[in-house]
Structure formats: structure tokens, C-alpha cells
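Scroll down for the structure; my scribbles are underneath it.
The values are calculated or read from the model by the stated rules, or taken from the named source; none is laboratory data. Computed from a predicted structure; not experimentally measured. Note that each Cβ is placed from the backbone with ideal geometry, even for glycine, and that neighbours are counted across all protein chains shown. Just so you know, the surface numbers come from the protein's heavy atoms only, side chains and all, with ligands and any DNA or RNA stripped out. Shrake-Rupley method; radii C 1.70, N 1.55, O 1.52, S 1.80 Å.
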Amino acid sequence: MDDPSSSGGWRFAQCFGDKGDVEDITEADIISTVEFDSTGNYLATGDKGGRVVLFERNEMKKGCEYKFYTEFQSHEPEFDYLKSLEIEEKINKIKWCKRQNAAHFLLSTNDKTIKLWKVFEKQLRVVSESNHFDGQRPVPPPNQQNLLRLPRTTQQDNIIAAVPRKVYSNAHAYHIHSISVNSDQETYISADDLRINLWNLNISDQSFNIVDIKPVNMEELTEVITATEFHPTHCNLFMYSSSKSNIKLADMREAALCDKSAKCFEEEEDPTTRSFFSEIISSISDVKFSHDGRYILSRDYLSLKIWDVNMESRPVKTIPIHDHLRGKLCDLYENDCIFDKFECMWAGDDKHVLTGSYHNYFRIFDTDTLQDIVLQADKSAFKAKKIGGPLPGGKPAAKNAPRLGLGQVQVDALDFNKKILHASWHPREYTIAIAATNNLFLYSAA
């Protein structure tokens, strides 16, 4: 894997989706999740309209470019008549299973139902010869037995089909926000606000509850689960984060219910900085294991933290992301932006981390030096030839290449409706996929 710091920085590579003005956006087209498969040759996005769109690597092009592969309707809007609740079709998460044959398998989930999709190439064949037709030309029916012909088929076309092989439903009382496939490729976990369930991919009518933090009396509820993920190599380990600013690492071999015997990563809060917003901004929105399983990356509203799995007391690195917004927390609470859930991810070699921000900015950090690159997934990217590289020493960037540190951005000029919540990093290369409202941007470091 090439190191981008030595190769001239990041470049805008591609953009998929309608490039019209933000005011014209259809709610259903807003991308709600994006995920590379384990090879990086395929990329999936899910949207608020319940659709899954797959892209495949374009081998005809030099560099890392993608082309449309297929699209299918994964979930439909439903209505729960018992609870008088609408269940929206929005795709909350997509996770690929490792490819084991010619077909692709991937899990997609909305608030209530998880589906295992099989995506495969299928030959369309048509009858080319029969007793009534020779190709398109009609022929008189045979009047003797020896003139009877067996119909023949010829291949007409190749299509890409998507079929749901399994539907895993009725296991969550609350909204599903996370799914994670185990390294054994046989099981996966799904999490809602209060429970985590363990499934076998082949069994859709039975799951095991492995974490349950629901109190007997719901008035005593003090925290919710916010994200969960399996360890990349040890199939017995998984972690989950909470709104109380802690991460728990659990071993399924120790107990059937893993919430009591978990290792807890938590930093002591500084009482001098405590405020009305402390609990909200310290809630962890996403957690990811590094590819070697040694470190954990977590994102809260204001910062990124890198934890060593052997040290629970404090993170080894804390990277401020939204320090420039500390004075705006009141306004962000009023407009609900303080509850935005930003994702975070590791580079394939674990040397860089990525997370999003407002005004369609996203940031890439070197995990050693903490030097950062600020990029903007915006229409300006079409015009800019080259973006990124090391930050200039306080000089404003050229108009078509936004390379400024977020500290230099005028907070009042930020558009809080434009935000980078979802992204994915190619597992083997310096290529990233960024979901910006209804557009999918791809950036590469040559």
C-alpha cells in the first residue's frame, strides 16, 4: 500500500449520483450507509428509499475507478399494527460476507428486519428452435412423428440478479443500528439500543441474546448501546459502545450474557469541563477495531480516540475534531445537530484514520504524527485537479482546492445541513468512498 504523504496527497476520483442543487434533493435518494467488500473490488451503498446500489471496480481504467454494477430494492416501508408504528425502509447498515463462490452475499438492515442477499450473474436463455418456430420465423406444425423436434435454447443475455436468501425478523424490540459479520463467516451480531443478538447466517428463525442492558423499570434507563463490532480475527470477541462514553470488550466464551463480564474502556471525566451538554457530546457514535485487532477507534461528537485493547483507563491518542464548535453547542442542541452520529474508520494499513464533519468536510489523520488533511466532498471537487497534501502553514487554499484546517473555517459560515456521516476506506489501497447527501464521492491518493 502506497503512503499518500509521500505521493502528493489526495485527488478527487469520481462522483456518482445527481449533481443538482441541494434544494432539489429527494429524501429517498439520501445515502445512509456505504461499505467496501473485503477485496475492495466492490462497493455498496444503501439509501433512505430502501435501495442498495452496488459498484464494481472498472478494470479498464487506470487507478481505482468504479462503475455501476446493479441496484435492487432491499426493504419496503411497513406498518406495525400492534404498536401503530411506521417502519421506514431506510437502510441503516450493509455488511459484506467474504466471497466463497461466484455469487456475492451481503447483509442489509433497516430498523427491524435484516436480510441476507445473494447477488449473482444469471444467463437469460430463449427458445430459438421449436416445432412452431425457427428463430422468429413461424413454421408449419409437423404432420409426421419423425419431423418432431426438441426445442432448443440459446443464450440471449447475462443479467445480474439479487435474491433474498434469508430474512431475519422479529428479534429486536428497538431500532437496529449495527450489524457485524464474524471472522468465522458463520455468525453475525445485530444491535439495537438495549440488546445485542447473535445469529447464525443459515438460521433465520432463531437468535441468541448476548447483551441485554434493559432495566426492569424503564424509568431507570441511563444508557443505550450505540455501536457494536466483532474482533477482526478472534471469533469469540466483540465490543460495543454506549451513550455513557464507554466501550465494552466482551468474550462470548466467558458467559452466555456478556454485559457483566466485559472489559470496560472509559476515560475519567474532567469535572471542571462538565456542562449541560457533557453527556450528549461524550456519547460514542461509532467504534472500529484496527485490522490487526490491537487498537480501537472511537468517535464522539467532538473527538476521535484511539484505544489500546490492553489499556482501559485512557486512550493512547485523542484527536480533536470539533473544537471550533464548543462555543456553538447551544445552537447545535436547538437544531438537533448535536445528536448527529459521525462514523470513523481505519485505513487498510491502520496508519491513518478518517472521520467526517460539517459543510461536507472530512478529515484524514496520520495515527503517528496526528498531521491531518482536510478535504471537502463538494462540487468544487469536480473543478479541482488536486486536493489535500500536507496542510499549508496557515495560508488560505486556492479557491478550487479547499485545503484549510477546520480551525481556519468561519464557524458561522458552516452549513450544518451538509455533513459527512458515512464513509468507507478501501481495505488494500488509499481510496475512500464518502457519502455526501445523495452523492457518492471517491478520492484516491496516487
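Side notes on the structure shown:
- Subset of the range 227-246 [closer than 24 Å to K341 by Cα, assigned to a strand (DSSP E or B) and either open to solvent by 20 Å² or more (accessible area, probe 1.4 Å) or of a type in the set (A, V, I, L, M, F, W, C) (or both)]: A227, E229, F230, F238, M239
- Selected residue (only one of L221, L249 is within 22 Å of A173 (Cβ to Cβ), open to solvent by 20 Å² or more (accessible area, probe 1.4 Å) and not hydroxyl-bearing (S, T, Y)): L221
- Per-region count, the range 50-69, residues closer than 25 Å to S169 by Cα and either open to solvent by 10 Å² or more (accessible area, probe 1.4 Å) or hydroxyl-bearing (S, T, Y) (or both): 2
- Selection count where residues are surrounded by 12 or more Cβ atoms within 10 Å (Cβ to Cβ) and in a strand (DSSP E or B), scope the range 126-151: 5
- When residues of the range 315-357 are limited to those that are among the aliphatic types (A, V, I, L, M), assigned to a strand (DSSP E or B) and under 19 Å from E35 (Cα atoms), the one nearest to the chain's Cα centre (by Cα): M345
- Number of positions in the range 170-210 that are assigned to a loop (DSSP other than H, G, I, E, B) and among the aromatic types (F, W, Y): 1
- Of the set (1) open to solvent by 40 Å² or more (accessible area, probe 1.4 Å); (2) in a loop (DSSP other than H, G, I, E, B), all apply to K118 but (2).
- Checking K118, K166, K112, K122 one by one, the residue that is of a type in the set (D, E, K, R) and closer than 18 Å to P77 by Cα is K112 and no other.
- Conditions (1) charged (D, E, K, R); (2) more than 26 Å from T226 (Cβ to Cβ); (3) at pLDDT 90 or above; (4) in a strand (DSSP E or B); number of the one not met by R99: (4)
- The set of residues in the range 252-272 being more than 23 Å from P232 (Cα to Cα) and surrounded by 14 or more Cβ atoms within 10 Å (Cβ to Cβ) consists of E267 alone.
- Selection count where residues are open to solvent by 20 Å² or more (accessible area, probe 1.4 Å) and either in contact with a Gly (Cβ under 7 Å, 6 or more places away or on another chain) or not in a loop (DSSP other than H, G, I, E, B) (or both), scope the range 291-307: 3
- Test: residue in the range 317-325 that is surrounded by 21 or more Cβ atoms within 10 Å (Cβ to Cβ) and either touching a strand residue (DSSP E or B) at 6+ places or on another chain (Cβ under 7 Å) or closer than 19 Å to H426 by Cα (or both): yes
- Taking each residue of the range 334-355 that is charged (D, E, K, R) and looking for partners that are open to solvent by 50 Å² or more (accessible area, probe 1.4 Å) and in a loop (DSSP other than H, G, I, E, B) with beta-carbon atoms closer than 6 Å, six or more apart or interchain, yields D349/M1; D350/H291.
- In the range 190-212, the residues that are within 27 Å of E267 (Cα to Cα) and open to solvent by 40 Å² or more (accessible area, probe 1.4 Å): D193, R195, D212
- Top-ranked residue of the range 273-290 - restricted to ones that are assigned to a strand (DSSP E or B) and open to solvent by less than 30 Å² (accessible area, probe 1.4 Å), ranked as farthest from F339 (Cα to Cα): F289
- Matching residues, the range 81-92, being closer than 19 Å to K48 by Cβ, open to solvent by 40 Å² or more (accessible area, probe 1.4 Å) and out of contact with any His (no Cβ under 6 Å at 6 or more places or on another chain): L85, E86, E88, K90
Here is a yes/no grid of residues against (1) of a type in the set (A, V, I, L, M); (2) over 20 Å from the mean Cα position of the chain (by Cα); (3) modelled with pLDDT of 60 or more:
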{"position": "R363", "(1), (2), (3)": "no, no, yes"}
{"position": "D372", "(1), (2), (3)": "no, yes, yes"}
{"position": "A398", "(1), (2), (3)": "yes, yes, no"}
{"position": "A401", "(1), (2), (3)": "yes, yes, no"}
{"position": "L414", "(1), (2), (3)": "yes, yes, yes"}
{"position": "S424", "(1), (2), (3)": "no, no, yes"}
{"position": "L442", "(1), (2), (3)": "yes, no, yes"}
